[in-house]
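Please read the structure below before turning to the comments.
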């Protein structure tokens with residue numbers, strides 16, 4: 001018999017449970033912030049929060065794991081809220097972070113955008129089944145703290 005989501009969650013180590021809950025809350029907060037605020041304003045708010053935190057330092061891999069699991073619990077927690085949450089967690093943990101946005105042309109001639117996060121040359125959040133190769137990256141965004 002498969003374990004329920006709650007049973008799986010309760011079997012996680014305390015640090016992973018905390019990181020997972022924090023990730024879900026950040027994705028949800030990012031989703032709401034992006035709904036009511038311009039992107040740059042929301043990003044600055046998350047950056048300010050990240051600098052004020054003194055939480056334990058999860059690894060890049062654990063942050064990627066937490067965002068990938070938590071996104072399933074946040075309605076409309078698509079790539080941009082995930083990227084903002086990951087950027088905040090990585091910054092707070094002292095990891096280098098680069099939030100990237102790319103665009104691709106759709107079959108009907110429109111544009112589609114996608115956000116992802118890289119750290120230390122590795123993709124942390126935003127991997128796609130078809131890969132990122134179909135997206136043309138926009139110039140790198142400046143640091144959120146600027």
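Per the conditions (1) buried (at least 22 other Cβ atoms within 10 Å of the Cβ); (2) in contact with a strand residue (DSSP E or B) (Cβ under 9 Å, 6 or more places away or on another chain), the sole criterion not satisfied by residue 61 is (1). Residues satisfying the criterion are present in the range 135-142 (criterion: modelled with pLDDT under 85 and under 19 Å from residue 81 (Cβ atoms)). Just one of the listed residues (71, 76) is over 22 Å from residue 17 (Cβ atoms) and either in contact (Cβ under 8 Å) with a residue 12 or more places away in the chain or in a helix (DSSP H, G or I) (or both), namely 76.
Of the residues making up the range 131-141, none is surrounded by fewer than 16 Cβ atoms within 10 Å (Cβ to Cβ), without any contact (Cβ under 8 Å) to a residue 12 or more places away in the chain, within 26 Å of residue 9 (Cα to Cα) and more than 10 Å from the chain's Cα centre (by Cα).
Residue under question is residue 84, and the condition is that it be over 13 Å from residue 24 (Cα atoms), modelled with pLDDT of 90 or more and within 10 Å of the chain's Cα centre (by Cα); does it hold?
It is false that residue 84 is over 13 Å from residue 24 (Cα atoms), modelled with pLDDT of 90 or more and within 10 Å of the chain's Cα centre (by Cα).
Given the structure, is residue 93 more than 16 Å from residue 117 (Cβ to Cβ) and modelled with pLDDT under 90? Full working, then the answer.
On the way: more than 16 Å from residue 117 (Cβ to Cβ): no; modelled with pLDDT under 90: yes.
So residue 93 fails the test.
Tally the residues that are surrounded by fewer than 19 Cβ atoms within 10 Å (Cβ to Cβ) and in contact with a strand residue (DSSP E or B) (Cβ under 7 Å, 6 or more places away or on another chain), restricting the search to the range 80-94.
Residues in the range 80-94 being surrounded by fewer than 19 Cβ atoms within 10 Å (Cβ to Cβ) and in contact with a strand residue (DSSP E or B) (Cβ under 7 Å, 6 or more places away or on another chain): 0 in total.
For the range 123-143, what are the residues that are in a strand (DSSP E or B) and more than 24 Å from residue 23 (Cβ to Cβ)? Full working, then the answer.
We begin by selecting, within the range 123-143, every residue in a strand (DSSP E or B); these are 123-125, 136-137.
136, 137 - these are the residues of the range 123-143 that are in a strand (DSSP E or B) and more than 24 Å from residue 23 (Cβ to Cβ).
Filtering the range 101-122 to residues that are touching a strand residue (DSSP E or B) at 6+ places or on another chain (Cβ under 9 Å), surrounded by fewer than 19 Cβ atoms within 10 Å (Cβ to Cβ) and assigned to a strand (DSSP E or B) leaves 102, 103, 104, 105, 111, 112, 113.
Among the residues of the range 17-35, write down those that are farther than 16 Å from residue 78 by Cα and either surrounded by 19 or more Cβ atoms within 10 Å (Cβ to Cβ) or at pLDDT 90 or above (or both). Give the steps one after another, and end with the answer.
If we filter the range 17-35 for residues that are farther than 16 Å from residue 78 by Cα, which is where we start, we get 17-22.
19, 20, 22, listed by residue number.
The values are calculated or read from the model by the stated rules, or taken from the named source; none is laboratory data. Predicted model, so just to flag it, every value in this text is computed and none were measured. Every residue, glycine among them, receives a Cβ derived from its backbone with ideal geometry; neighbour counts consider all protein chains shown.
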